[in-house]
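Here the structure is laid out as structure tokens; the discussion comes afterwards.
Just so it is clear, none of the values below were taken in a lab; they were calculated from the coordinates. Model, not experiment: these values are computed from the prediction. Positions of Cβ are backbone-derived with ideal geometry, glycine not excepted, and every protein chain shown enters the neighbour counts.
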Amino acid sequence: MRTALLVVFLGAASVYAAKPPAVEAMIAKATAAVADGSIDPARDFTPLLDRLVSTKNASEQDDIIDMIEAVGEWDSYSPAMVKTWLRENAPPALLAVAKSKTDKSVREAALMVLRDLNVADAVFDEAIAIANADPSEAASSIRFRGELLKNWKESRGVTSLPVAATAIADKELAALALLKRSRTRPVPSSLGEAAMHGDAAVVEALLDTGISANAAQMVGSPLGSAVSCFDDVPAEDRIATIDVLLARGADLKWKDGNDNTILLFAVDCPVPVVERLIAAGADIHAKNVMDMTPLKIAFAKGRWSVAEALVSHGARMSRKEIDQLFFEKPDDPAKLALIKRATAK
């Protein structure tokens, strides 16, 4: 009798020992590791992705998908390494769930979190195909999610992720904390916005998250945004921002589709900003497709102090160009003297 009881007890203990860890505990552990920078994505996320596919518990699946969204959303405050790893490794599990016979709400969530991860076009195409081929009674709802993914894919614009490091540095965690406090999303478009407002601290924090100083913008470049001087941002703040961008590799030779350079855009800025760009190596002779140079634009806009700075650094125009630009010469002797200097050889 004692032997039988012992066998039963040992059998029960064996079953208990083999019970998989609670999903809640796995999620809590992974989330905490993301927060403190100790995350090892392969170690901490792979078991959760495996459970997402293998479990028959819809509540567990929901919890795992929610976790993926929370820490993997492309514009979230998670380290770049985390977001990139999930973007590249979570889709197979999510697509498997989308094709499964689990609850409709879980399949919908599995599809929609792909948008939050900002996955590659090929993944979107596969997800859309899965949605369109759904044979279940919920087909219309699932197909609607496919339409949403298609619309996002076609309209998402500039949403590239930073290049992920192989480890999470303290500098990146500090930068993410600063961005969260300032309610600035760690995405490329934020870099242009911060540069435009002369916020050097936020610009540096964004760069510390892995965003390139030359990150593509909807319009222009980050350095071009830094010289968009149409507000009352102090010159010293703009110069500090320019210095941060240049120190981190911003391209001073950048041109737009009409060959407008950074210095051409800077003509509206205070003279110290223009001087800083010239000191950094900006080409004072560069022309756009309309044959306009920084000096021509400065004269045309009546930016006499900027024109003075450019002439002092060697910018010149021909007499013919001056005559074409000025139908009537100014009466001010100082301006006339500057025009004369601008045509001197």
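The dipole here belongs to the range 15-155: it is taken about the Cα centre, uses +1 on the Cβ of Lys and Arg and -1 on the Cβ of Asp and Glu, and is about 340 debye.
What do the square roots of 5 times the Cα gyration tensor eigenvalues come to for the range 206-345, in whole Å, largest first, as semi-axes of the equivalent ellipsoid?
30, 15, 12
Based on alpha-carbon atoms, the Kirkwood radius and the radius of gyration of the chain give Rg/Rh equal to 1.21. For the range 80-127 and the range 255-310, what is the separation of their C-alpha centers, rounded to whole Å? Distance between centres, Cα-based: 47 Å. Length, then width, then depth: along the principal axes, the Cα atoms of the range 162-247 run 39, 23, 23 Å.
Placing +1 on each Lys and Arg Cβ and -1 on each Asp and Glu Cβ, with no other charges, gives the chain a dipole about its Cα centre of roughly 500 debye.
Rounded to the nearest 500, the helix-only mean residue ellipticity at 222 nm of the chain stands at -19000 deg cm²/dmol, with each DSSP H run of n ≥ 4 adding -39,500 (n - 2.57). Loop sites by DSSP among the chymotrypsin sites (Phe, Trp or Tyr not before Pro) of the chain, restricted to those with at most 12 other Cβ atoms within 10 angstrom, leave 1-229 as the longest stretch without any of them. Near residue 303, no amide H atom lies under 5 Å from its own; only residues 5 or more places off or on other chains count, and H is placed 1.01 Å from N.
Multiplying each eigenvalue of the alpha-carbon gyration tensor of the range 15-155 by 5 and taking the square root yields semi-axes of 25, 20, 10 Å, largest first, rounded to whole angstroms.
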